[in-house]
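Taking it in order: structure first as structure tokens, then the write-up.
The values are calculated or read from the model by the stated rules, or taken from the named source; none is laboratory data. As the structure is a prediction and not an experimental result, all values here were calculated from the model. Don't worry about glycine lacking a Cβ; one is built from the backbone with ideal geometry, like all the others, and counts go over all protein chains shown.
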């Protein structure tokens with residue numbers, strides 16, 4: 001079977017709206033600016049489509065940090081930004097209940113030309129994950145403690 | 001050829017002429033991908049978008065029975081449509097193809113880490129394959145379209161849009177809320193950078209509009225109701241009475257009637273309540289100012305006459321709507337730079353009207369006093385800073401740049417110098433933003449004209465005070481001039497001109513009716529400032545001109561023509577084709593709770609219907625694709641995962657995330 005000989009580092013998923021963060025990521029590319037390779041960007045129409053369980057599953061599968069880069073108040077979708085923010089807020093207590101550091105999930109407004117804020121968000125998440133490590137390990141450690149307590 | 005709906009995926013990794021392959025080892029990516037389930041071919045090419053590259057993909061689809069295509073290349077925004085065409089030509093549904101951005105989001109941002117970039121490319125392509133396994137053929141949403149557009153607003157943008165649409169063979173109904181056409185452009189005198197006479201240009205455009213057989217025009221008319229969707233909007237228009245019959249028009253204008261401040265001259269003059277906006281306006285029949293008419297009889301032609309406003313409504317079916325509702329100039333607050341308290345403080349639009357009323361060859365005066373020294377202050381009502389400037393009535397500050405006023409102010413400085421060469425001109429600015437082609441010349445001309453420039457900071461704006469009695473000038477302007485390192489200066493002047501910015505008009509009723517959005521600056525919001533600059537999130541509703549933000553007349557016309565082009569391409573075929581990325585309900589999973597309807601912000605996008613399932617009548621959610629924006633709010637709300645956005649399903653996202661996160665062997669297991 002094929003292998004992918006990548007360096008073992010925490011992985012960052014970026015959910016980027018087509019009208020904001022995704023085009024922003026393309027702008028960063030056009031500047032040929034460097035950021036780490038452990039970042040995986042997926043285009044989304046509006047993050048209001050993702051329920052709380054979606055984020056939890058993503059961490060459980062082995063993604064260590066999620067940046068949701070949306071268009072904020074400039075979103076063309078009525079009620080979309082507010083709903084996305086609400087869903088993410090509702091995810092935080094569920095993360096805590098699994099022992100996950102809530103800083104692993106962040107909603108941030110990035111526009112089509114926000115190249116510096118894009119890089120800053122990636123760098124900050126990178127630095128955070130260097131410190132707190134893998135999500136799966138965090139979940140396992142918490143589950144272990146819970147078992148011990150029981 | 002595939003049997004039993006076998007998935008046969010073709011994977012194509014583009015070198016992009018070295019843009020990708022200089023960093024990413026494309027051959028290794030291709031070799032890795034071929035090992036995954038259902039990947040039948042995995043190829044590379046120097047340029048996948050070339051004829052040769054596209055022919056290779058087409059041949060694979062025809063000869064190897066490829067029924068899902070994954071292409072890793074430049075950004076999807078550049079070539080997604082190209083490759084949709086490629087797969088379509090080979091007989092495959094265009095939505096059975098997925099595009100992976102390997103250039104802007106991999107090779108161009110990881111050039112110092114070729115190995116890391118190659119591994120990332122493998123992951124990105126794997127995610128493409130994972131998604132492709134869940135792709136379904138989709139059809140664009142096709143709707144019959146009425147070849148008729150409604151243009152809201154009879155200013156230069158609305159007129160330009162209407163004419164451009166009509167010239168492409170579509171019917172146009174143009175409605176204008178006020179009694180006369182022309183909007184703000186009618187109040188201007190000369191335009192920059194052409195120096196052309198504003199009303200001459202405007203009247204030429206109006207003549208073309210009124211003579212065009214495909215344009216129907218209604219003044220004093222506004223949209224009051226709208227239903228339907230792109231291609232088939234049912235709209236109701238309400239039109240006020242003109243109030244004056246053409247036979248008594250001239251007599252009405254000369255009658256002794258109550259007067260009100262004339263908005264055309266920004267309150268510098270007064271007009272009667274039966275009026276023409278300005279000489280030569282269209283329509284030429286005077287109109288009654290219903291807002292200021294109290295219903296009492298007016299003596300016209302010696303006869304007491306009571307005027308009646310009997311609004312009439314009518315319905316239309318239109319395929320698209322152009323919103324060209326314009327802007328309003330910023331009205332400074334009472335006391336802001338002395339405005340409203342010191343008579344010698346005026347706005348730039350007021351000065352333009354004052355010079356027009358003054359006529360040629362006369363010396364410049366204000367309130368019958370000669371004017372020798374003039375201060376022009378930039379950025380009034382623009383670039384305001386929260387916490388420094390008090391908020392407006394709606395609680396916001398105007399933190400945006402109005403863009404046009406720098407050149408407009410310098411244009412005025414040069415005009416003043418030309419007409420009154422002995423004037424001393426002081427230009428007080430925060431920044432000079434003469435961004436347009438040829439606009440910088442106005443700054444250079446002003447420098448040569450010995451206009452004196454003084455610079456202030458946004459949080460340290462000039463102060464305008466009334467001079468002490470007996471002073472040589474009526475007004476004193478105090479400024480900390482940052483061109484001389486903050487030196488405090490006092491400039492005595494006869495006239496202060498405030499270069500006021502653009503404000504959005506209050507179109508909250510229209511926003512509600514059309515279901516469009518306003519941005520944080522309160523101007524109407526386009527779908528994307530660069531990629532879809534005139535479209536709104538509502539299909540078939542487009543923006544034209546300064547309703548969208550500050551623009552010059554030239555820019556307004558360009559935006560209006562862009563809006564017209566959009567409408568024409570949308571309705572020209574008599575059929576509207578939309579992307580199929582809208583919500584779709586799985587009737588088997590739906591239990592009819594209506595949670596999706598509760599969160600949906602779009603009217604008539606989802607409703608509950610009684611359907612027959614296994615012989616039983618049950619309530620199920622049904623989507624009206626034309627009214628769905630595809631935002632996916634309903635997806636996160638459904639407790640049964642019974643609703644998804646076609647082409648962007650949760651299952652597809654989960655598959656892609658698995659491809660990023662899992663070890664290849666685990667992934668193969670998941671795929672199996």
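Tell me, yes or no, whether the stretch B:184-206 has at least one residue that is modelled with pLDDT of 95 or more, assigned to a strand (DSSP E or B) and within 30 Å of residue B:234 (Cβ to Cβ).
no
Select from the stretch B:628-672 the residues that are over 30 Å from residue B:607 (Cβ atoms), modelled with pLDDT under 95 and crowded, with 23+ Cβ neighbours inside 10 Å and list them in ascending order.
B:667
Could you look through the stretch B:619-652, keep only residues that are in a helix (DSSP H, G or I) and within 7 Å of chain A (Cβ to nearest Cβ), and pick out the one that is farthest from the chain's Cα centre (by Cα)?
It comes out as B:650.
Counting residues that are modelled with pLDDT under 95 and more than 19 Å from residue B:420 (Cα to Cα), which strands (runs of 3 or more DSSP E) fully inside the stretch B:272-371 reach at least 1?
Because the criterion is at least 1 residues that are modelled with pLDDT under 95 and more than 19 Å from residue B:420 (Cα to Cα), the strands (runs of 3 or more DSSP E) in the stretch B:272-371 that meet it are B:298-300, B:303-305.
Out of contact with any helix residue (DSSP H, G or I) (no Cβ under 6 Å at 6 or more places or on another chain), facing chain B (nearest Cβ under 7 Å) and closer than 25 Å to residue A:131 by Cβ, is that true of residue A:9?
no
Out of the stretch A:60-78, which residues are facing another protein chain (nearest Cβ under 10 Å) and within 19 Å of residue B:652 (Cβ to Cβ)?
Residues satisfying the conditions are A:60, A:61, A:62, A:63, A:66.
Assess whether residue A:81 counts as being more than 7 Å from every other protein chain (Cβ to nearest Cβ) and over 15 Å from the mean Cα position of the chain (by Cα).
So residue A:81 fits the description; yes.
Scanning the stretch A:59-70 for residues that are more than 9 Å from the chain's Cα centre (by Cα) and touching a residue at least 60 places away in the same chain (Cβ under 8 Å), which turns out surrounded by the fewest Cβ atoms within 10 Å (Cβ to Cβ)?
Checking each candidate, the answer is A:60.
Yes/no per residue for (1) at pLDDT below 95; (2) farther than 20 Å from residue B:662 by Cα; (3) in the same structural domain as residue B:57 (by TED's automatic domain parsing):
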site: B:68; (1), (2), (3): no, yes, yes
site: B:71; (1), (2), (3): no, yes, yes
site: B:76; (1), (2), (3): yes, yes, yes
site: B:87; (1), (2), (3): no, yes, yes
site: B:94; (1), (2), (3): no, yes, yes
site: B:123; (1), (2), (3): no, no, yes
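Listed residues A:87, A:56; which is out of contact with any strand residue (DSSP E or B) (no Cβ under 6 Å at 6 or more places or on another chain), more than 8 Å from chain B (Cβ to nearest Cβ) and surrounded by fewer than 24 Cβ atoms within 10 Å (Cβ to Cβ)?
Only one candidate qualifies: A:56.
Could you tell me whether residue B:128 is part of a helix (DSSP H, G or I) and either closer than 17 Å to residue B:321 by Cβ or within 37 Å of the chain's Cα centre (by Cα) (or both)?
yes
I'd like to verify a number: residues in the stretch B:511-555 that are away from every other protein chain (no Cβ under 14 Å), assigned to a helix (DSSP H, G or I) and surrounded by fewer than 21 Cβ atoms within 10 Å (Cβ to Cβ), how many?
2
Is it fair to say residue B:278 is surrounded by 14 or more Cβ atoms within 10 Å (Cβ to Cβ) and free of Cβ contacts under 8 Å to residues at least 60 places away in the same chain?
When the stated conditions are applied, residue B:278 does not pass them.
How many residues, within the stretch A:13-28, are under 12 Å from residue A:118 (Cβ atoms) and touching a strand residue (DSSP E or B) at 6+ places or on another chain (Cβ under 8 Å)?
The number of residues fulfilling the criteria is 9.
Just to be sure I understand, how many residues within the stretch B:353-368 are touching a strand residue (DSSP E or B) at 6+ places or on another chain (Cβ under 9 Å) and farther than 20 Å from residue B:499 by Cβ?
1
Restricting the search to the stretch B:171-183, which residues are assigned to a loop (DSSP other than H, G, I, E, B) and either out of contact with any helix residue (DSSP H, G or I) (no Cβ under 6 Å at 6 or more places or on another chain) or assigned by TED's automatic domain parsing to the domain that holds residue B:289 (or both)?
Scanning the stretch B:171-183 gives B:177, B:178, B:179, B:180.
Report whether or not residue A:41 is within 7 Å of chain B (Cβ to nearest Cβ), in contact with a strand residue (DSSP E or B) (Cβ under 7 Å, 6 or more places away or on another chain) and at pLDDT 95 or above.
Against the criterion (within 7 Å of chain B (Cβ to nearest Cβ), in contact with a strand residue (DSSP E or B) (Cβ under 7 Å, 6 or more places away or on another chain) and at pLDDT 95 or above), residue A:41 qualifies.
Residue B:104 is checked against (1) within 23 Å of residue B:133 (Cα to Cα); (2) in contact with a helix residue (DSSP H, G or I) (Cβ under 8 Å, 6 or more places away or on another chain); (3) outside any loop (DSSP other than H, G, I, E, B) and fails just one. What number does that condition carry?
(1)
Here are some residues: B:29, B:41, B:11, B:23. Which one is modelled with pLDDT of 95 or more, touching a helix residue (DSSP H, G or I) at 6+ places or on another chain (Cβ under 6 Å), outside any helix (DSSP H, G or I) and within 11 Å of chain A (Cβ to nearest Cβ)?
The unique qualifying residue is B:23.
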